[in-house]
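Visitor: The structure under discussion is supplied below as structure tokens; questions concerning it will follow.
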Amino acid sequence: MVALFAVACGAAVANVYFSQPLLVTMGHDLAMSPALIGSVVTLTQIGYALGLFFLAPLGDVADRRRLIVAQLLLLVVALAVVAAAHTAAILLTGMAATGLLAVVTQTLVAFAASLAPPAERGRVVGLVTSGVVIGILLARTASGLVADLAGWRSVYLSSASLTALLALILHRVLPRPGTAPPTTLRYGQLLHSTITLFAQERLLRLRAVFGLLIFAAFSTLWSSVALPLSEAPYFLPHSAIGALGLIGVAGALAAAAAGRLNDRGLPRRTTGLALALLAASWLPLAFIRSSLWALVVGVILLDLAVQAVHVTNQTLIYAVRPDAGSRLIGGYMVFYSIGSATGAIAATTLYSVAGWGAVCALGAAFSCLGLVLWAFTRRSAPDPVTEVPPRREDRAFAVPEAEMTADRRWGPENSFTGVRRAVGAGPPTHPASRCPPCRLQRDPPPAPPVG
């Protein structure tokens, strides 16, 4: 099931990025001016940002299973419109609708998080986010290869077919809701509550700023790295530059690893280490004109760091208010979009004025700002406690969740910080061998000798 969520997320988000290597071909086919063809990417991103605010929150009031299937089917229609477009206006309309409906990715992430047990939520979010990472990084490579074989329209026809197949599979396998949605807000109240959540939850605001900074750094690299590589001394073709996305797939490994660290109760350390790696990645990236190996090392470090922070952010944000998971993740991703747009515009503008060195300085500045923010807030902004999975020997002592009180538990290091007791039950629900009070009760010290 987790693998299916990951595949669906990757396939949906890839539609936002398919057009980037196809812009020239689209422009020639539809007789579009360079300025107009540039608006293809812009409108797609605007549609995605609008979807994050207006569609993603629906997951908190609607049946997520039906919502996901409906959005995927509408996405099929939008992709078909793009593939059949014979005028610039139809193409641009279809691309905006594609971006708007691609936010089904965030509904899938929130749904996967809601289905996961608390002790495994970080791992599940990490695995699903791995699919998002792979979809983003391989979209450009895949679209270029398919377009070379069968034309740019075949890219969107193929994606429409895959999306329709995923809609059918998800309709059959996704669990049906057992209870009514946790909130009965009207649509206007739902949108307003998204803003209210930001005002109420300090952790949400902090993690949203982290998201903005890391994706500004991410976009700084990926929106401008083609410029120095297409010039002396490399003169790499577009296909070779697009293949760099294969290197970035290493970020998917970080997504899964970060999820496991969060489940162990180490989100703050994970964030600090990842931000330090992000800042360090710009050192080798500054030397890509003299070595492609420096580019490889820098890309791996940057993608590992960005995805580790991203998964940590989403895991912690969902834990704040599970009943508002779609609104929380959708609102957080708005900051992701702002950061991505800021990094892209700033990097391309700065490269034309001051060159690649200035672009690396910009990316390092975004990264270091995030690291400084983490250093100043790591003590004053405690993260929600992540449930720790029981050891294998503990499972025989498990008590159903409904019969437990959650105010006390084992700490992240399995030191005794309290126990969960079954309601109305006397003995503790954990092995007495690791609990000093219970061990004392079970094996009292021998009485001192008389005389």
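The values are calculated or read from the model by the stated rules, or taken from the named source; none is laboratory data. Keep in mind that what you see is a predicted model, and the values were worked out from it rather than measured. Here the Cβ positions follow ideal geometry from the backbone for every residue, glycine too, while neighbour counts run over all protein chains shown. To get the accessible areas, we keep the full protein, side chains included, count just its heavy atoms, and leave off ligands, DNA and RNA. Shrake-Rupley method; radii C 1.70, N 1.55, O 1.52, S 1.80 Å.
Visitor: Mind listing whichever residues of region 284-293 are open to solvent by 10 Å² or more (accessible area, probe 1.4 Å) and closer than 13 Å to Leu221 by Cβ? Break it down stepwise before answering.
Guide: Just the residues of region 284-293 that are open to solvent by 10 Å² or more (accessible area, probe 1.4 Å), to begin with: 284, 286-287, 289-293.
Residues satisfying the conditions are Pro284, Ala286.
Visitor: Among the numbered conditions (1) among the aliphatic types (A, V, I, L, M); (2) buried (at least 22 other Cβ atoms within 10 Å of the Cβ); (3) assigned to a helix (DSSP H, G or I), tell me where Val16 comes up short.
Guide: Here Val16 clears every test but (3).
Visitor: Out of the residues in region 1-40 meeting the condition of being under 18 Å from Ala147 (Cβ atoms) and of a type in the set (S, T, N, Q), tell me which one is modelled with the lowest pLDDT.
Guide: Selected residue: Gln20.
Visitor: Can you pull out the residues in region 188-220 that are closer than 19 Å to Ile345 by Cα and among the hydroxyl-bearing types (Ser, Thr, Tyr)?
Guide: The answer is Ser219, Thr220.
Visitor: Next up: Could you check, for region 167-186, whether at least one of its residues is within 21 Å of Ala112 (Cβ to Cβ), loosely packed, with under 12 Cβ neighbours inside 10 Å and modelled with pLDDT of 90 or more? Let's see the steps before the verdict.
Guide: Of region 167-186, the ones within 21 Å of Ala112 (Cβ to Cβ) are 167-183.
Now narrow it down to the ones that are loosely packed, with under 12 Cβ neighbours inside 10 Å: 172-173, 175-176, 178-180.
Of the ones still in play, those that are also modelled with pLDDT of 90 or more are 172-173.
Yes: one or more hits.
Visitor: What number of residues within region 253-293 are in a helix (DSSP H, G or I), without any contact (Cβ under 8 Å) to a residue 12 or more places away in the chain and among the hydrophobic types (A, V, I, L, M, F, W, C)? Quick ask: steps written out before the conclusion?
Guide: First pass over region 253-293, keeping only residues in a helix (DSSP H, G or I): 253-263, 267-285, 292-293.
Narrowing further to those that are without any contact (Cβ under 8 Å) to a residue 12 or more places away in the chain: 269, 293.
After this cut, where a residue has to be among the hydrophobic types (A, V, I, L, M, F, W, C) as well, the list is 293.
Of the residues in that region, 1 qualify.
Visitor: Consider region 319-335. How many of its residues are modelled with pLDDT under 85 and open to solvent by 10 Å² or more (accessible area, probe 1.4 Å)?
Guide: 5
Visitor: Regarding Arg205, is this residue at pLDDT 85 or above and either open to solvent by 10 Å² or more (accessible area, probe 1.4 Å) or outside any helix (DSSP H, G or I) (or both)? Break it down stepwise before answering.
Guide: Values: at pLDDT 85 or above: yes; either open to solvent by 10 Å² or more (accessible area, probe 1.4 Å) or outside any helix (DSSP H, G or I) (or both): yes.
Against the criterion (at pLDDT 85 or above and either open to solvent by 10 Å² or more (accessible area, probe 1.4 Å) or outside any helix (DSSP H, G or I) (or both)), Arg205 qualifies.
Residue by residue, here is whether (1) assigned to a helix (DSSP H, G or I); (2) among the charged types (D, E, K, R); (3) over 23 Å from Leu266 (Cβ atoms); (4) modelled with pLDDT of 95 or more holds:
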{"site": "Gly94", "(1), (2), (3), (4)": "yes, no, yes, yes"}
{"site": "Gln106", "(1), (2), (3), (4)": "yes, no, yes, no"}
{"site": "Val125", "(1), (2), (3), (4)": "yes, no, no, no"}
{"site": "Val132", "(1), (2), (3), (4)": "yes, no, no, no"}
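Visitor: Are any residues in region 1-50 among the small types (Gly, Ala, Ser), over 20 Å from the mean Cα position of the chain (by Cα) and at negative phi, and if so, which ones?
Guide: First, the residues of region 1-50 that are among the small types (Gly, Ala, Ser): 3, 6, 8, 10-12, 14, 19, 27, 31, 33, 35, 38-39, 47, 49.
Subsequent filtering for residues that are over 20 Å from the mean Cα position of the chain (by Cα) retains 19, 27, 31, 33, 35, 38-39.
Once the filter is applied, which keeps residues that are among the small types (Gly, Ala, Ser), over 20 Å from the mean Cα position of the chain (by Cα) and at negative phi, region 1-50 yields Ser19, Gly27, Ser33, Ala35, Gly38, Ser39.
Visitor: Count, please, the residues in region 35-54 that happen to be of a type outside the set (Gly, Ala, Ser), within 17 Å of Val109 (Cα to Cα) and open to solvent by less than 40 Å² (accessible area, probe 1.4 Å). Write out each step before concluding.
Guide: First pass over region 35-54, keeping only residues of a type outside the set (Gly, Ala, Ser): 36-37, 40-46, 48, 50, 52-54.
Still in the list and also within 17 Å of Val109 (Cα to Cα): 48, 52-54.
Still in the running and open to solvent by less than 40 Å² (accessible area, probe 1.4 Å): 48, 52.
Number satisfying all stated conditions: 2.
Visitor: Another one. Please verify whether Leu278 is closer than 27 Å to Phe5 by Cβ and open to solvent by 10 Å² or more (accessible area, probe 1.4 Å), treating the condition exactly as stated.
Guide: Numbers: closer than 27 Å to Phe5 by Cβ: yes; open to solvent by 10 Å² or more (accessible area, probe 1.4 Å): no.
No.
Visitor: Name the pairs whose Cβ atoms lie under 6 Å apart, with the first residue in region 101-125 and within 18 Å of His310 (Cβ to Cβ) and open to solvent by 10 Å² or more (accessible area, probe 1.4 Å), the second acidic (Asp, Glu) and modelled with pLDDT under 90, and 6 or more positions between them or separate chains?
Guide: Partner pairs satisfying both residue conditions: Arg123/Asp263.
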